[in-house]
Every structure is written in C-alpha cells, then in structure tokens.
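See below for the structure under consideration.
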Amino acid sequence: MKMIAKKFRWYYLLILLVIGFFSFKTADNYFEISKNLELYASVFREINTYYVDEIDAGKLNKKAIDEMLRTLDPYTNFISEAEAEDFRFQMTGQYGGVGSQIAQKGDYIVVTDPYEAYPAQKADLRAGDLIISVDGKDVKGKNPSDMSKLLKGQPGTAVHLVIKRNGQDIEKVITREEIKVKNVPYYGLINPTTGYIKLTGFTQEAGKEVKEAILDLKKQNIKSLVLDLRGNPGGLLNEAVNIVNVFVPQGQQVVFTKGKVSEWDKSYETPMGATDASIPLVVLVNRGSASASEIVSGTIQDLDRGIVIGQRSFGKGLVQSTRPLNYNTQIKITTAKYHTPSGRCIQALDYSHRNEDGSVGTIADSLKKAFKTKNGRTVYDGGGIDPDIKVEIKPYSQLAQNLLLKMVIFDFATNYRNSHESIGDARNFKLTAADFADFKTFVETQEIDYSTQTEKEMEVLKKKAEQENYFEAIKGTYETLKKQLKHDKQADLDKNQEEIVSLIEEEIVRRYFFQKGRTEASFAHDKEIIEALSILGDPTKYNNLLSPLPPKK
C-alpha cells in the first residue's frame, strides 16, 4: 500500500496546486473544483487498486481527459507527448519523411500522391505503387497511420522500400528530407488575364506564399485574380491576417476576438502596405472552408474588397490557443470567438447550449443578427460565410461515387500511366473515345455493384410495407418496378460519361503533373471557376455586386 500511496501522491499535490490557482474564484466554485478533483483521484486510486485486471494508467487517464473535453467542443483537445509531432505538422506543415500521401488498398498501403520535387517523386515513386516492405519488414496488414510512422524519420536517413508496380517488385532507397507541405500548392493563369491561387492551409508562412504568388502573377500582367479557399479547414489566425493584408492596406482591422478572460480580447490589424489593394478579386468557398478561411473570405466580403462565390462556408468562429502542460503534453483550448470587421461572428453551432441528448444545434435564425459591410450591404452572423453568388454543385452520381470509393478510376489511371510514357500538356489532355471504351471494358472486370438512390428508397418502402402488412398487396407492382429500375453498368457509364470522363482525366493528368496538373485539368469544367471568370469579365456587374441594394420604394 506504501507504493500505491506514493504513486498517487502527485494527485493530491495537483489538487493543492489547482486549489491555489483558483483561489480568486468564489467560495462555491472553489469548493466544486477541489471536491471533483479529489473525487477523480479517489476513483482512479480505487480502480488501480481493486479492479480485477491490470489497467494502463496512462491510457485510462487520457480517455478520461478526452471524454471530459468532448463535452465542450470538437476543437478543445489534449495533445499527448506521442502526438506532439503530428501537432507540430498541423501548425508548421513540416515533418521529416519521403513526401507522399498514402491510402489503404486491400491488405497493403498504396501511394496516392507523391509531392513534386520531394524524395518520393525524385525516386520515381508513383501513384498506384503498392508498398510491400519497409526496411526489410513485410508491411501486409499495416494501416496508413502505421505506415506513416515507418516512412517518417530524421532528414538524411534512408528508408528501403519494396514496391509492386505493374505486377513486378521494385526496390527503392529513399533518403528522407525535411518536408514542407506548401500552403499554396498551385498558382498560375486560368486565362491570359486572370490569375489563380489555390490556398489549402494556414500554416506558417501562408501569407508569404500568397504574396509571392501574386507578385509572380503580376509579372505576367494579370488583370484579375481568383483566390481558391475551397476545402481549406483553416489554421493560424495571424496567417489569415497576413493573407488579407495582401489585398488590404495597412491599419485595417481584419478580425477581433472576445473571450471569457480579458487577455483574449484582441484586435488584429493589417501590419503593412498591401501587395495589391485594387485588383478585382473573387474568393471561392464551400462547406469545407472553415476558420481562418472564413476570416479571409468574411473580411474580404465585409470590406467589399472582392466577390465571394460558392456555397455557404462551414461556420467555425472559435479561436484555439495552445497551453503547455506537464510531461511534454499540451492542451489546445477554445479561448475566444472571432468577429469580422462588420462585427459578425460566423460560428454556426452553439456548443454552450447542448440539447438534452447531448447533440449540438445550429444558431437559431431568430438569434441571427444583420450587419453592414463597408459599402452598406447586409450580411448575417451565426451561419458561416454566405457567398455573394451561390453556385449549386450537383453531387456525384451513385456510379461515380462507387468508382471513386472502390478506386476503379484510380486503378485505371495507374494502368494508363504504366502504358503511356507521356501525355503532352496538362490543360489540353482529353480522354479519347477509344480510351473511354477501354475504361468500360476495365469496369467489367471490377466489383462495383451499387444501388441507386431510387433503389434504396424502394428497399425502405418494402420494409415499411412489410411492417404494416401491406407488402403482399403490392408485391407484384414492386417486383415489376424493381426490374425496370435494375441498372446496367454499361448504360450507366454512358449516361454519366461527361462526369466520369472529367474524373478520369484529372486522375490521369495527376500521374504526370501531380497536384498542379490536376488543378489545371479541372479549370474547363469547374462551375465556380466558370462563374468567377464571368463576373471578372464584366466590370459593371462586378462593381454592382459590391454596391448596396437601393432602398425599396
């Protein structure tokens, strides 16, 4: 029992420290905190002493912390010592490794996207290569997380791989480097006068990357610009300020934060002169645009500096700060809510008022407030960034989703790359009729059985009818309809040919020109890009969109 007492002595020390820290609180709050900390220590001690099996104290404690934080919001997280490297990557975009994205494919891990100019690509590791062994060890059954740990390591060290390509085993020796995943994986010209910048993250130097991109594009005499924030989940707040500063002059408020503790009440202004404060600008957003992406798009909208096009953004108006804890651990905690210059907070989910079942509801429409942009346009809080121009995006057909999920398009592109040394220019690559016929033949060899949405609804109808004892009466009609709806894969391929061909073209182009090529290949059929070009090509319409609507008579 002496050993147990010694083992848990630190719990009581912790209680005393916390009690001291919270001494400025009210007596009731002080009592509740100390009582519950003592209760937790008691439960932990009893479990450790008397539970029938041995426990993993570290794992049990982390589970308790994680479950406690889960009741707050998804962004307040405990970061263990083992997770510190992954957290560093999230903040900096840097790690030591080979530079490639990977995914699960059957029993093995497949390379899906080697980063251009990094070790994997330099060693001619290609999308579609199956990793068979690492440093002489068979990796069958490994998941992507396990494989990632094997591939990462100190820059300058070597990793020995055996990969399978086109049925043959190939050995690769790759020297790890410091990998810096770019926030701007691509920038270039959509047409001779319109520049395009794809921003996928807000790690360190994101603002610098955007500035360098626009300076290079200006050398190519662009007259307008598209900043693409679609699918960008956000990151560092100060980098959002730096990116706005590229387009907005010095001294302009970009965002201000409000928290429970006054030290988190801060205002962030643009620190220097703009790179270009007048170039016509379109910002693209969608449901995957969150946090820092919403600060940038929301501020550009509030200041009437550009047009926002796409779909309503995610709605994350919460700010996280990282605090150091004992034993090289950290806690990332939500400390404030941010507000764009008009005063609006775009937070869509109300974590402070959970439903009785623990679920979280959206901010009620009745509680949303109207705010005014610099020019007097009306915008609203409590629901993400609502675009100035909404573009309806049709979801992929059930067939296309299945072809992507089962990696059928991926595998066809792998075979195509293995049999075609080059394809010419990324923008001008087109799948021929013969290529599509080959794809249809390839599909016949794959297992892609699927149900259309109508067929799924029919199954729901059948179950309901059986429950209510009506099915026998409609069975004949049901079977007839089912036969009529039974899809034919070849017919569905022809029916959805345009959609499927664009996906195949992008996947094939990526095999030769990586992420840059895939982006360029998408320009021709990207609805938001097409809408952006339409607006930027019509100065009168562009300026009218940034003007307030005349008052109703």
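The values are calculated or read from the model by the stated rules, or taken from the named source; none is laboratory data. On a predicted model such as this, the values are computed, not experimentally measured, just so you know. Note that each Cβ is placed from the backbone with ideal geometry, even for glycine, and that neighbours are counted across all protein chains shown.
General observations
- Residue among Asn469, Asn428 that is at positive phi, out of contact with any Leu (no Cβ under 7 Å at 6 or more places or on another chain) and not basic (Lys, Arg): Asn469
- Candidate set from the range 171-205 (those that are more than 29 Å from Ile530 (Cβ to Cβ) and hydroxyl-bearing (Ser, Thr, Tyr)); member that is surrounded by the fewest Cβ atoms within 10 Å (Cβ to Cβ): Thr175
- Scanning the range 366-416 for residues that are more than 23 Å from Ile295 (Cβ to Cβ) and among the charged types (D, E, K, R) yields a count of 4.
- Contact map, the range 116-127: residues that are outside the structural domain of Arg510 (by TED's automatic domain parsing) and at negative phi paired with residues that are buried (at least 16 other Cβ atoms within 10 Å of the Cβ) and of a type in the set (Ser, Thr, Tyr), Cβ distance under 7 Å, separation 6+ or inter-chain. Pairs shown: Ala120/Ser100; Gln121/Tyr115; Leu125/Ser100; Ala127/Thr112; Ala127/Thr414.
- Residues of the range 159-170 that are surrounded by 12 or more Cβ atoms within 10 Å (Cβ to Cβ) and either at pLDDT 95 or above or closer than 15 Å to Gln104 by Cβ (or both): Val159, His160, Leu161, Val162, Ile163, Lys164, Arg165, Ile170.
- Of the listed requirements (1) under 30 Å from Gly167 (Cα atoms); (2) assigned to a loop (DSSP other than H, G, I, E, B); (3) within 25 Å of the chain's Cα centre (by Cα), Ile393 misses just one: (1).
- Residues (part of a helix (DSSP H, G or I), aliphatic (A, V, I, L, M) and under 12 Å from Lys332 (Cβ atoms)) located in the range 66-88: Leu69, Ala84
- Looking across the range 442-494 at every residue that is of a type in the set (Lys, Arg) and more than 31 Å from the chain's Cα centre (by Cα), the one that is modelled with the lowest pLDDT is identified as Lys486.
- Yes/no for Lys149 being over 27 Å from Ala84 (Cβ atoms), surrounded by 11 or more Cβ atoms within 10 Å (Cβ to Cβ) and of a type in the set (D, E, K, R): no
- Only a single item in (1) farther than 24 Å from Val226 by Cα; (2) at pLDDT 90 or above is not met by Gly310, and it is number (1).
- Qualifying residue in the range 524-532 (condition: in contact (Cβ under 8 Å) with a residue 12 or more places away in the chain, surrounded by 17 or more Cβ atoms within 10 Å (Cβ to Cβ), assigned by TED's automatic domain parsing to the domain that holds Arg427 and touching a helix residue (DSSP H, G or I) at 6+ places or on another chain (Cβ under 9 Å)): yes
- Meets criteria (within 20 Å of Gly517 (Cα to Cα) and surrounded by fewer than 20 Cβ atoms within 10 Å (Cβ to Cβ)) for Asp107: no
- Considering the conditions (1) part of a loop (DSSP other than H, G, I, E, B); (2) touching a Gly at 6+ places or on another chain (Cβ under 8 Å); (3) closer than 30 Å to Lys516 by Cα, Ile423 is excluded by exactly one of them, (2).
- All positions within the range 154-176 that are at negative phi and part of a loop (DSSP other than H, G, I, E, B): Gln154, Pro155, Thr157, Arg176
- Residue check, Ile333 touching a Ser or Thr at 6+ places or on another chain (Cβ under 7 Å) and over 19 Å from Lys368 (Cα atoms): yes
- Residue pairs meeting the criteria (Cβ under 6 Å; at least 6 apart or on separate chains; first closer than 30 Å to Lys258 by Cβ, in the range 210-237; second among the aromatic types (Phe, Trp, Tyr)): Gly234/Phe202; Gly235/Phe202; Leu236/Phe202
- Put simply, of Phe439, Phe410 the only residue that is assigned to a helix (DSSP H, G or I), at pLDDT 95 or above and either closer than 15 Å to Gln497 by Cβ or not assigned by TED's automatic domain parsing to the domain that holds Lys495 (or both) is Phe439.
- In the range 102-142, residue farthest from Lys180 (Cα to Cα) [restricted to those that are assigned to a strand (DSSP E or B) and of a type in the set (Asp, Glu)]: Asp138
- Taken together, the residues in the range 504-521 that are surrounded by fewer than 18 Cβ atoms within 10 Å (Cβ to Cβ) and within 18 Å of Ser397 (Cβ to Cβ) amount to 0.
- Any hit, the range 520-533, residues being under 30 Å from Ala127 (Cα atoms), charged (D, E, K, R) and in contact with a Gly (Cβ under 6 Å, 6 or more places away or on another chain): yes
- Leading residue by the ranking (farthest from Gly343 (Cα to Cα)) among those in the range 247-264 that are of a type outside the set (Phe, Trp, Tyr) and either touching an Asp or Glu at 6+ places or on another chain (Cβ under 7 Å) or not assigned by TED's automatic domain parsing to the domain that holds Thr334 (or both): Gly251
- Selection status of Gly96, small (Gly, Ala, Ser), more than 30 Å from Ser293 (Cβ to Cβ), in contact with a strand residue (DSSP E or B) (Cβ under 8 Å, 6 or more places away or on another chain) and surrounded by fewer than 20 Cβ atoms within 10 Å (Cβ to Cβ): no
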